[in-house]
Amino acid sequence: MLTQPQLAQLASSLPIPAFVLTRSGRCVQAFGCDSHYSGFYPAPSITAIFSPNKAPWLLTQIDHALASGKPHQVEFALSEHDWQQSRPRHSSWWQGHLSPLNFQVDGEAAVLWLSHDVTHYHQQALRWANYGEVDLVSHLYSQRRMNKELAAHFSLFHRHHIPCSLVMFELDYFNQLRQQCGETTEACVVSTVGNVCLSDLRQEDQAFRYQQNSFVILLPHTETEQAWALIDRLRKDIHQRLLSLDLPQACTSISGGLSQFADDDQRSQDLLNRASQGLAAAKALGCNRICVEQLH
């Protein structure tokens, strides 16, 4: 049988912080690794440490464990707005394991709350979830995500006649850029184009890296006449940004094709094909321009 000092030493050696919390949220005791400096440390009480928006939810979890009489597990986020006192600005994610105690503490029912920081695992899970839908070089959505969004807007157009324009553009003389400047410069150029798209486009617009040297932008609720003005401004901004890089002059511009959904489109791919035809026309006319592929 362990002695009382041995039990206390054992509890203080827990690899994650643990707290004895009463039904009212009062922290009676803290145990475990760095418990007094843990990101989740509810002493002297939950209501004194956490904001009026967060504290009631945490107290509800204690009530749930006590009412069920069984261990209860929760996962939750803590941001700077969840504290009453100044805390680090970054958000964190926590896993709480609540076990109801079969005795009262100072006349109140209580739980043992083990607190596990799972921020790293949560961030990794989000990163992996985004890998299939975000291009890692341009930071734009991937072709996989584009196919989903294009199909959704195609459905909206045919059901509710909501217009949507699409532009497909490419960097001019991309093969020359790769041969003369190498893969590192190529990645820098693609990243620069992605950054300009993200900063220039409206909140409702969506930009995608379609292929190695192709980009697509969806402009919902927009006819081609309005879309052309937006995209031509983007073309000029990309040109100015690429001019600031050490590139061959011919490799600092883009060419694109622009179109919109039509009543006789049978599938979303029809719009993509028209934009591709407009892109080919822009290339044939000497590059560095956006051509509108008219509906027939």
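Please verify whether S138 is of a type in the set (S, T, Y), closer than 26 Å to V28 by Cα and in contact with a helix residue (DSSP H, G or I) (Cβ under 9 Å, 6 or more places away or on another chain), treating the condition exactly as stated.
Answer is no for this residue.
Any chance you could count how many residues in segment 155-181 are touching an Asp or Glu at 6+ places or on another chain (Cβ under 7 Å) and assigned to a helix (DSSP H, G or I)? So that I can check it myself, show each step before the final result.
Initial filter on segment 155-181 (touching an Asp or Glu at 6+ places or on another chain (Cβ under 7 Å)): 163, 165, 177-178.
With assigned to a helix (DSSP H, G or I) added as a condition, the list becomes 177-178.
The total comes to 2.
Using the structure shown, decide if T185 is in contact with a His (Cβ under 7 Å, 6 or more places away or on another chain) and farther than 25 Å from H158 by Cβ. If you could, list the steps in order and put the result at the bottom.
Numbers: in contact with a His (Cβ under 7 Å, 6 or more places away or on another chain): no; farther than 25 Å from H158 by Cβ: yes.
In short, no.
Taking the residues in segment 279-288 that are touching a strand residue (DSSP E or B) at 6+ places or on another chain (Cβ under 6 Å) and within 26 Å of A187 (Cα to Cα) as candidates, determine which candidate is most open to solvent (accessible area, probe 1.4 Å). Walk me through it before giving the result.
Filtering segment 279-288 for residues touching a strand residue (DSSP E or B) at 6+ places or on another chain (Cβ under 6 Å) gives 279, 281-283, 287.
Add one more test, that the residue is within 26 Å of A187 (Cα to Cα), and what stays is 279, 282-283, 287.
On the way: L279: 11, A282: 0, K283: 66, C287: 15 Å².
Across segment 279-288, the extreme among qualifying residues is K283.
What are the pairs, 6+ residues apart or on separate chains, where a residue within segment 114-139 that is in contact (Cβ under 8 Å) with a residue 60 or more places away in the chain and closer than 29 Å to L171 by Cα has its Cβ under 6 Å from a residue that is not in a helix (DSSP H, G or I) and not hydrophobic (A, V, I, L, M, F, W, C)?
D135/S142; D135/R209; S138/R209
Taking segment 1-37 as the search range and keeping residues that are β-branched (V, I, T) and surrounded by 13 or more Cβ atoms within 10 Å (Cβ to Cβ), which one is modelled with the lowest pLDDT? Can you show your working first?
Of all residues in segment 1-37, those β-branched (V, I, T) come to 3, 16, 20, 22, 28.
So of that shortlist, the ones also surrounded by 13 or more Cβ atoms within 10 Å (Cβ to Cβ) come out as 16, 20, 22, 28.
Details: I16: 81, V20: 94, T22: 97, V28: 92.
Per the stated criteria, the residue is I16.
Look through segment 69-101, keep the residues that are closer than 14 Å to R23 by Cβ and assigned to a loop (DSSP other than H, G, I, E, B), and return whichever of them is nearest to the chain's Cα centre (by Cα).
G69
Before we move on, is L295 at pLDDT 95 or above and of a type in the set (A, V, I, L, M, F, W, C)?
Values: at pLDDT 95 or above: no; of a type in the set (A, V, I, L, M, F, W, C): yes.
No: the conditions fail for L295.
Across segment 234-277, what is the total count of residues that are closer than 23 Å to L150 by Cα and within 32 Å of the chain's Cα centre (by Cα)? Break it down stepwise before answering.
Taking segment 234-277 first, the residues closer than 23 Å to L150 by Cα are 234-235, 254-277.
In the following step, the residues that additionally are within 32 Å of the chain's Cα centre (by Cα) were identified as 234-235, 254-261, 267-276.
Matching residues across segment 234-277 total 20.
If you go through segment 168-210, how many residues are loosely packed, with under 15 Cβ neighbours inside 10 Å and either acidic (D, E) or touching a strand residue (DSSP E or B) at 6+ places or on another chain (Cβ under 9 Å) (or both)?
Total satisfying the criteria: 4.
State which residue pairs qualify: first residue among the hydrophobic types (A, V, I, L, M, F, W, C) and inside segment 273-285, second residue surrounded by fewer than 23 Cβ atoms within 10 Å (Cβ to Cβ) in any location, beta carbons under 6 Å apart, and separation of 6 or more residues or different chains.
Listed pairs, sorted by first residue: A281/C291; A282/R289; A282/C291.
Take segment 226-273 and flag every residue that is under 19 Å from Q176 (Cβ atoms), open to solvent by less than 10 Å² (accessible area, probe 1.4 Å) and outside any loop (DSSP other than H, G, I, E, B).
I238, L242, C251, I254, S255, G256 - these are the residues of segment 226-273 that are under 19 Å from Q176 (Cβ atoms), open to solvent by less than 10 Å² (accessible area, probe 1.4 Å) and outside any loop (DSSP other than H, G, I, E, B).
Say we look at segment 38-68 and pick out the residues that are outside any helix (DSSP H, G or I) and open to solvent by 50 Å² or more (accessible area, probe 1.4 Å); which of these is nearest to P100 (Cα to Cα)? Give the steps one after another, and end with the answer.
Residues of segment 38-68 outside any helix (DSSP H, G or I): 38-45, 50-54.
Imposing the further condition that a residue be open to solvent by 50 Å² or more (accessible area, probe 1.4 Å) reduces the set to 44, 52-53.
On the way: P44: 20, P52: 24, N53: 24 Å.
Ranking the qualifying residues of segment 38-68, first place goes to P44.
Does S99 satisfy being open to solvent by 50 Å² or more (accessible area, probe 1.4 Å), out of contact with any Gly (no Cβ under 9 Å at 6 or more places or on another chain), among the hydroxyl-bearing types (S, T, Y) and at pLDDT 90 or above? Write out each step before concluding.
Working: open to solvent by 50 Å² or more (accessible area, probe 1.4 Å): no; out of contact with any Gly (no Cβ under 9 Å at 6 or more places or on another chain): yes; among the hydroxyl-bearing types (S, T, Y): yes; at pLDDT 90 or above: yes.
Answer is no for this residue.
Please list, ordered by first then second residue, the pairs with beta carbon atoms under 8 Å, 6 or more apart or interchain, first in segment 6-26 and without any contact (Cβ under 8 Å) to a residue 40 or more places away in the chain and in a helix (DSSP H, G or I), second open to solvent by less than 60 Å² (accessible area, probe 1.4 Å) and not aromatic (F, W, Y).
Close Cβ pairs satisfying both conditions: A11/A18; A11/G32; S12/G32.
The values are calculated or read from the model by the stated rules, or taken from the named source; none is laboratory data. Note that the structure is a prediction, hence the values are computed from the model and not measured. Virtual Cβ from ideal backbone geometry, glycine too; neighbours counted across all protein chains shown. We work out accessible area using only protein heavy atoms, side chains counted, and drop any ligands, DNA or RNA first. Shrake-Rupley method; radii C 1.70, N 1.55, O 1.52, S 1.80 Å.
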